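The values are calculated or read from the model by the stated rules, or taken from the named source; none is laboratory data. Keep in mind the model is a prediction, meaning the values are calculated, not measured. Every residue, glycine as well, gets a Cβ built from its backbone with ideal geometry; the counts of neighbours run over all protein chains shown. Protein only, heavy atoms only, side chains kept; ligands, DNA and RNA dropped before computing areas. Shrake-Rupley method; radii C 1.70, N 1.55, O 1.52, S 1.80 Å.
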Amino acid sequence: MLLRTLRLSLVCFTGSAIFFHPSPAFTQAIPTAPVQLPGVNTRDLLTVGNGTPMSRPSLEVYLRDLSGAAVNQLALVTLSATTGNMLRQSSVKAGRVEFKDLKPGAYTLQVLAPGYEAFQQTIEMSFSPITVTISVRPGSSFGPAGTPAVPGLLVLSQKDQKLVAKIQEALRSDRPSDAKSPLEKLYHSAPGNPDTNYMYGLYESELNDWPKAESYWQMTVQIYPQHSAALIELAQAALHDHKPAEAASYLSRAIQAEPTAWRPHALIAQAYLDQGDSVQAVAEASRAIELGHNQADSVQPLLARAIAAQGDTKRAIETLQTYLQAQPSDAQAQELLSSLRAAASAPPGSAPSKSLPATTIEVSPVLFSAWMPPDVDESIPPVDSSVSCPLDQVLSQARKRIAELVENVDRFTAVEWVKNERVGRDGLPTNMDMRLFNYLVSISVPRPGLLSVDEYRTAREGPDDFPDDIATYGLPAMVLAFHESQSANFIYSCEGLAHLTSGPSWQIRFQQKPDRLPTLRAYRSGDQFTRIALKGRAWISADSSQVERMETDLVHPYPAIRLIAEHTVIEYGEVHFKAKDVGMWLPKTAEVYFDWKGRRIHRSHSYSNYMLFSVDSQHRISPPKLPPSVDQPPDSPPAPVKP
């Protein structure tokens, strides 16, 4: 059965411490009226016996190693209240840092420096300045797994988050010079944030200053021991330095932090192979491919090399041949295939893996987009692995629900609210536009084997066209990926039982088959019409078998039409129509992100006031099995105006 695609497209019309306390040169403070000094806030001043104001005391910290030399490397000094609240934080420069204008009282001083044991000491500030010299010992300063070494380091202000967005987009676009200024500002504002240090490491790596880069990544994992992205970069650096055992140590921790991310599994396969453990290498490479799917295609040559090391040359050749069908330009893989074929014709008993060329793998840094969610294959969301998944049964029941939708719905209307944000080069929104439409959807079967989904819109108020001259059609049809007519077009796999707020749901991954014509998504610009292959993930209720949520991405970019990326998230809710006494699951909200022809767009759709075409009463959509929301979200559309 074919699905009419012209209606289902995105259409374009255009250690130890020493304390020194100087002798106080003042009498005991007594309550007096302070003297007002020009340009000085007297609330921040102390007074001595004669009423003369004086500044609050300061704390000067010197950092030394056991030889007495200044610690000139990257180090972080944090001053906290005894309650644990972080008050001040600064990086050490030339082995020294100073905290000024402190109130008298007790403080906790903590020092983190890569390659040294963590130092922590409680100090008591009086009315006089204090100088502290700290001797740090070589060792590790890792804190408890999963917790920051210093409390409160993971939260950034809104201003700092904007800086992060600029840094991310600059580094992702290979523009390190554009990242320098916002990085310096962010480091001045939040030197102890782990992501600040991680991105600074990426910046230094772009400048090929690897010692500096590694020092920032070491600081990252000392602040936050389970920062998997920094652990991955440290592991890659160790692999480059021919230290596979060290790399494996980092990667084991990264896998513990994020078990379903494919990158650490791919790299630890390399580490095991470099150590001669082909069994573990095959297992980890296979796991990486299972988790990352087409994102982890580059792991195939490494898997083939590990299989060959086990003596199974035939299977290694088959693995490489499959990979090279999709990646024929990979010269390293072609060389390995030639060597394997030569080894296959060698006399029995020879060790082919000994003469094979080395196979190395590198993964791109974990640096997500500032405005578009991560690809669905970046990692697998948590599931209950103890529950077996009956995939065939789940799909069969879901298809029955979709068939009921097609059978019960001829046409329905809704009020559609569209918010459109154009995203700038720095990953931040540059402008926003909104539309309110009367929305009609018609689902029909004009002939056996053909599903037709038509959409119509008229402006409820304001302009009657889409923002940016880009119209989004076909969102209601996305759920038809689980219609019987689409079963031959997609590959389905069950990842396990997820626990959503609405209840247990089966987590199903799907992907367009490469040998089948895509029928769910297309882009049109003028006379140019391009079908788009999708992959995604759906959450199907274990109780009702209804699709509750879908996320999709492109299987691959489409450079011919300058389509770099697209990500869609659709949430579904139940609508009960009294006239037919039926309940149907229809879109509640949809978020669409796309990077097309140099334009980055984030578009939000929300739907309300559903009605069957011939019914006068209105029916509001609600989340599944949840009580009605008390507060309307900030970006929700206003109450619709009655026609």
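Explain nothing, just the number: dipole magnitude of segment 374-493 about its Cα centre with +1 on each Lys and Arg Cβ and -1 on each Asp and Glu Cβ, in debye rounded to the nearest 20. Each step should come with its number before you reach the end.
Numbers: 11 positive and 20 negative charges, 68 e Å.
In debye, rounded to 20, segment 374-493 gives about 320.
Accessible area of segment 354-399 with a 1.4 Å probe: how many percent of it is carbon plus sulfur? Carbon and sulfur together cover 52 percent of it. For segment 273-321, a/c is not less than 1.5, where a ≥ b ≥ c are the root eigenvalues of the C-alpha gyration tensor, and a/b does not top b/c. That puts it in the oblate class. Shape class of segment 388-457 from the alpha-carbon gyration tensor: oblate, with a/c at 1.5 or above and b/c at least as large as a/b.
Taking every pair of distinct Cα atoms and averaging 1/r, then inverting, what Kirkwood hydrodynamic radius in Å comes out for segment 229-292? Mind dumping the intermediate values first?
Working: mean 1/r = 0.0904 Å⁻¹.
For segment 229-292, inverting the mean 1/r across all distinct Cα pairs yields 11.1 Å.
About its Cα centre, what dipole magnitude does segment 484-559 give when the only charges are +1 on Lys and Arg Cβ and -1 on Asp and Glu Cβ, stated in debye to the nearest 20?
Values: 9 positive and 8 negative charges, 49 e Å.
My answer is approximately 240 debye.
Rounded to the nearest 20 debye, the dipole magnitude of segment 512-591 is 300 debye, with +1 charges on Lys and Arg beta carbons, -1 on Asp and Glu beta carbons, and the Cα centre as origin. Between N208 and L500, the modelled labels are 5.0 nm apart [label points 7 Å from Cα along Cα→Cβ].
For the pair T360 and S91, the difference between a 0.36 nm per residue extended length and the Cα-Cα distance amounts to 93.2 nm. Given a 1.4 angstrom probe, I'd like the percentage of the accessible area of segment 276-339 that is carbon and sulfur, rounded to a whole number. Carbon plus sulfur share of accessible area: 44 percent. Per-residue extension of 0.36 nm, minus the Cα-Cα distance of A326 and R422, leaves a gain of 31.2 nm for this segment.
First compute the accessible area of segment 464-537 with a 1.4 Å probe, then give the percent of it belonging to carbon and sulfur atoms. Don't skip to the answer; put the middle values down first.
On the way: 1250 of 2600 Å².
Carbon-and-sulfur percentage of accessible area, whole number: 48.
Simple rule: put +1 on each Lys or Arg Cβ and -1 on each Asp or Glu Cβ in segment 453-577, find the dipole, and look at P476, I532, P504; the Cα lying farthest toward the positive end is I532. Note on K597: lysines with a C-alpha under 25 Å away, same-chain residues under 8 apart excluded, are K162, K166, K419, K535.
Work through the residues other than A306 whose Cβ is under 11 Å from its Cβ and net out their charges, Lys, Arg +1 and Asp, Glu -1. Value of the local net charge: -2.
Let's test the formula: R0 of 56 Å, r as the Cβ-Cβ distance of K314 and R562. What FRET efficiency results, to the nearest 0.05? Approximately 0.85, to the nearest 0.05.
Dipole orientation for segment 211-298: of the candidates Q280, L291, P211, P211 has the Cα lying most toward the positive pole (charges on Cβ; Lys, Arg +1; Asp, Glu -1). Given R0 = 41 Å, the distance between the Cβ atoms of L450 and K180 translates into a calculated FRET efficiency of 0.15. Annotation: extensible slack from A106 through S487 equals 130.4 nm (criterion: 0.36 nm per residue apart, minus Cα-Cα distance).
At 1.4 Å probe size, put D410, D297 in order of accessible surface, largest to smallest.
From most accessible down to least: D410, D297.
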